[in-house]
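Asks: Below are the structure tokens for one structure; questions will follow.
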Amino acid sequence: MYERSSRTVRCLECLGESADPVAPVGVVVPDERPTQAPLQPEPARDTSGPAGGSARREFERRRDARERRVRERHPRIGGFLLAITEEPQSTRAWDAGAEGEQFVGSRLDSLVGDGLDVLHDRRIPRTRANIDHVVVSRHGVFVVDAKKYKGRPALRVEGGLFRPRTEKLVVGGRDCTKLVDGALKQVELVRTAVDDPTVPVTGVLCFVAADWQLIGGAFVTRGVHVLWSKRLMELVTAVPASRGTEPPAVDVAAVLARIARAFPPA
């Protein structure tokens, strides 16, 4: 039977059955079955590369440059000299820094999931500096500077009654207050990039392999938390105590995207 309206032919013996229409010869019938739209790939998550990547590259650059200089100056015994001498402290510091960043980065990566994400090794534009780690959770942003230092971190308070009160960060007897200054600068840069006063941005100095005391040890100076890796995990996952009106939850994906645009991979 020919159906003029749809320009199709149906078999008379199959009318009682649910038969598909058959197109006559020479007639093209469009397929009216709904087609499933192709799946759109999800946007790729920003990847910073491995934590400590830029520090590792700087260490390798310095190490290779030294080896090249030694072999050029001493063609015959260059290999022997390299074997019996250590890298300069300025070079080894980059290696230790990379190890510290890698350790802290692996701990932070284990927390990534619904409601928390991490960026590693982000370059500060127009400078040679970088930000080691940025953690974004529903409760705020944490700018983490990882350091592999030996010695015990401590807070030294001077002045107070008759002269201005000052706080110094001391590690193993060395004055490391400049690390706090650097952390505060990074916090301000990230706060500017987030551009949302409702999102708290906190600075953290995480010391790896330091000589922490058994009881207490962690402290806050000028708003910067000074602690070790386990306490860092507790800090970034803790739910702030409610004080009256609870602040709105942070849009982790949106805030992370703003920070990633402002600070490209190092």
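Asks: Treating only the Cα positions of the range 47-191 as identical point scatterers, give the base-10 log of I(q)/I(0) from the Debye formula at each q in 0.11, 0.17, 0.18, 0.22 Å⁻¹.
Replies: -0.59, -1.06, -1.12, -1.35
Asks: Further question: Taking the Cα centre of the range 148-207 as origin, work out the dipole magnitude from +1 charges on Lys and Arg Cβ and -1 charges on Asp and Glu Cβ, in debye rounded to 20.
Replies: Roughly 480 debye, rounded to the nearest 20.
Asks: Sort HIS139, HIS74 so that the residue with the fewest other Cβ atoms within 10 Å of its own Cβ comes first and the one with the most comes last.
Replies: Result, fewest neighbours first: HIS74, HIS139.
Asks: While we're looking at this one, here's another question. Run through the range 128-221 and list the chymotrypsin sites (Phe, Trp or Tyr not before Pro) located in a DSSP loop whose Cβ has at most 10 other Cβ atoms within 10 Å.
Replies: Answer by residue number: PHE162.
Asks: Viscosity 0.692 mPa s, temperature 37 °C: what is the translational diffusion coefficient of the range 161-200 from Stokes-Einstein with a Kirkwood Rh over Cα pairs, rounded to a whole number of µm²/s?
Replies: Roughly 264 µm²/s, to the nearest whole number.
Asks: Let me ask something else. Among ARG63, ARG68, ARG92, ARG163, which comes first, then next, by fewest other beta-carbon atoms within 10 Å?
Replies: ARG163, ARG68, ARG92, ARG63
Asks: For a footprinting-style exposure proxy, rank SER110, SER137, SER54 by other Cβ within 10 Å, fewest first.
Replies: Result, fewest neighbours first: SER110, SER137, SER54.
Every read-out reported here was derived from the displayed coordinates using simple, explicitly stated rules and does not represent laboratory data. Keep in mind that what you see is a predicted model, and the values were worked out from it rather than measured. Cβ sites come from the backbone with ideal geometry, for glycine too, and all protein chains shown count toward neighbours.
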